[in-house]
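Participant: Quick one: this structure, given as structure tokens, is what I'll be asking you about.
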Amino acid sequence: MTLEILNADQKDALQEISNIAMGTAAAGLAKVLESFVRLSVPRITIVETSRIADRLAASLPPHREVSAVRQAFYGPVEGEVVVVFGEDGCNELADLLAHDGDAGAVKEELLLDVSNILIGACINGIAHQLATELSFSPPEILCTAVPLEQVFAGHQPTCEQALLIEIDFSMEARSFACHMLTFLAPDSFGELRSSLSRFLESI
């Protein structure tokens, strides 16, 4: 599906803004994990949310099981972020960073901490460049150790279509990898266009 809601300049601007914000997120994560974090170029598309599980399976490396964290954001632009983690990498990081305590609790805390770093830096970075402010719901564990196709079994974005920004993060010399999905709701498209136009006029 094409990006009818954005013209070519607006799409390029959103991709560049997302790239800068997510680069900041990768740097923050690298500091916490003490390892270089790679990230892909942001991919921006319009998606049917009922088919997101199929899209995810096609775009992610093969993971036997995954875990995921969800967090919503509100303001002039609204939506939600889902961060999907390959289970092998999660277990590896949990072992590396674990403190005394229940292994399951340590793993969930790790998922929430990593997601908080990525989502906060990415979404706040985008909002800052668009000169707007957002608020966030608390992050929540969406699922743990489930087959990839079941990530959205219990939850889907409420809108039928969304603007999706996708990016992959991976850690050098480790199996850790995660896939960040940012869904922007259709009610935000008008404000997004206006914000991107203002951004382009300012540069």
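Participant: Taking amide H positions as placed in the peptide plane 1.01 Å from N, state which residues far from Phe176 in sequence (5 or more) or on other chains have amide H under 5 Å from it.
Facilitator: Met171
Participant: Just to be sure I understand the model, the point goes 7 Å from the Cα along the line to the Cβ. What's the resulting Glu140 to Glu109 distance in nm?
Facilitator: Once both label points are built, they end up 2.2 nm from each other.
Participant: Using +1 on the beta carbon of Lys and Arg, -1 on that of Asp and Glu, and nothing else charged, what's the dipole of segment 8-202 about the Cα centre, debye to 20?
Facilitator: 420 debye
Participant: List the DSSP H helices in the chain whose Cα atoms stretch 30 Å or more along the helix axis and whose mean Kyte-Doolittle hydropathy is at least 0.0.
Facilitator: On the way: long enough: 8-33 (37 Å, 0.31); 103-129 (39 Å, 0.79).
For the chain, where a helix must reach 30 Å along its axis and average at least 0.0, the hits are 8-33, 103-129.
Participant: If you take the charge dipole of the chain about its Cα centre, with +1 on Lys and Arg Cβ and -1 on Asp and Glu Cβ, which of Asn19, Leu148, Val106 is farthest toward its positive end?
Facilitator: Asn19
Participant: What length, rounded to one decimal in nm, is gained on full extension from Ser197 through to Arg55, with 0.36 nm per residue of separation minus their alpha-carbon distance?
Facilitator: Result for the pair: 48.2 nm of gain on full extension.
Participant: Cβ under 13 Å from Met171's Cβ, Met171 left aside: what net charge do those residues give with Lys, Arg +1 and Asp, Glu -1? It would help to have the intermediate numbers written out before the result.
Facilitator: On the way: positive: Lys31, Arg38, Arg174; negative: Glu34, Asp88, Glu92, Asp168, Glu172.
Local net charge: -2.
Participant: Another question, if that's okay. The chain: D in µm²/s via Stokes-Einstein (Kirkwood Rh, Cα pairs, 25 °C, 0.890 mPa s)? Show your work: numbers first, answer last.
Facilitator: Working: Rh = 17.2 Å.
Reported coefficient: 142 µm²/s.
Since every read-out is calculated from the coordinates, none of them should be taken as a lab result. All of these numbers come straight from a predicted model, not from anything done at the bench. Note that we place each Cβ from the backbone using ideal geometry, even for glycine, and neighbour counts take in every protein chain shown.
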